[in-house]
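See below for the structure under consideration.
Every read-out reported here was derived from the displayed coordinates using simple, explicitly stated rules and does not represent laboratory data. A quick note: this is a predicted structure, and the numbers were derived from the prediction, not measured. Because the Cβ atoms are built from the backbone with ideal geometry, glycine has one as well, and the counts that use them run over all protein chains shown.
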Amino acid sequence: MANPTLKARPELVSDGWRKRAGAFYTRPLAPGVAGLLGLAPNRGLPYQWRLQPFVGVIHERVNQVAGALTDATAKSPYPQATIRQSLVGLLDGMDAQDRERWVVATEAPDGNERVFRDVAAAVRDNGLSWMEERTSLDAVVRELRAGNGPVRLTPYLTAALWLQGEVVAAEERLTEIAAQFGGPALQVPEPVRDLRVASFASSSPPEGWPRHAFDAFAARLREGMQRYPQCPPERWQPRTG
């Protein structure tokens, strides 16, 4: 069965959202900053989907620097939130669960219009103000420190800190993550060096980092901050690999 969340588009577009790839919508908030809504449909029963919507902020400058630091070359069709928060968390508290709050059915008599109206109203009444209050770098740093971002959020946090000229704080974050590996980096064996692996000699690396990938990221960041301690220039790219 086709994903029924496609029928949410008229309701959300009428509220000022622009449809993006997948179940994502964006809207401008400030120059270089956009709001993000993800419906996050989760397949439940064969003819039923549970929505787990979240709102977020896309800070283009932070994302650009974070992408350069991690050597991200593949461009995803899906928008990447710099910071994000579950919609049900804004409504009912951070510990709230949304598994049964917004359920859509493939054959609903009303086309799930009531569910989509409820989501749109919740975003309008609660999510939009949350996004509008978090367009600044200070707010981005605060949310990332609270863990409200991607799973591997250190590139985004250190990028935002560097953009503020807070190179000491960025270095402290690198030291904090490096300490969680519990030892020096291990040499990756030649046969697996070019493979995509979640970890090497670690069952639970911090933020899912392979150690060699973290070390390469840290080297790029340190080299960049040494050259430009106040702020990375526009379209900055690292010299180290």
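Each of the peptides 161-167, 141-147 was scored by the mean count of other Cβ atoms within 10 Å over its residues; in descending order, highest first, they stand as 161-167, 141-147.
As I understand it, the value is the acute angle between the Cα axis of helix 167-179 and the longest principal axis of the Cα atoms of the chain; what does it come to in degrees, rounded to 10? Approximately 90 degrees, to the nearest 10.
Restricting to Cα pairs below 8 Å that are 6+ residues apart, what does the relative contact order work out to for the chain? Please round to a whole percent.
Relative contact order comes out at 19 percent.
Here the dipole of region 4-145 is about 400 debye; that uses its Cα centre as origin and unit charges on the Cβ of Lys and Arg (positive) and Asp and Glu (negative). This model, with +1 at the C-beta of Lys and Arg and -1 at the C-beta of Asp and Glu, gives the chain a dipole about its Cα centre of some 600 debye. Placing dummy labels 7 Å off each Cα toward the beta-carbon, the span from residue 71 to residue 169 is 2.9 nm. Annotation for residue 13 and residue 125: the two label points, set 7 Å from Cα along the Cα-Cβ direction, are 2.6 nm apart. Rounded to the nearest 0.05, what FRET efficiency do residue 228 and residue 118 give with R0 = 35 Å and r taken as the Cβ-Cβ distance? Could you check? For residue 228 and residue 118, the calculated efficiency is 0.15. This ranking places 106, 5, 26, 82 by how few other beta-carbon atoms lie within 10 Å of each, fewest first, which gives 106, 26, 5, 82. The stretch between residue 21 and residue 151, if pulled fully straight at 0.36 nm per residue, gains 44.7 nm over its current Cα-Cα span. Relative to the longest principal axis of the Cα atoms of the chain, helix 154-163 runs at roughly 70 degrees.
Dividing the convex hull volume of the alpha-carbon atoms in the chain by its residue count gives 150 Å³ per residue. Taking each DSSP H run with n ≥ 4 as -39500 (n - 2.57) and averaging over every residue of the chain yields -10500 deg cm²/dmol at 222 nm. Stretched out straight at 0.36 nm per residue, the stretch from residue 108 to residue 133 would grow longer than its current Cα-Cα span by 5.4 nm.
Rounded to the nearest 10 degrees, the angle from helix 211-227 to the longest Cα principal axis of the chain is 70 degrees.
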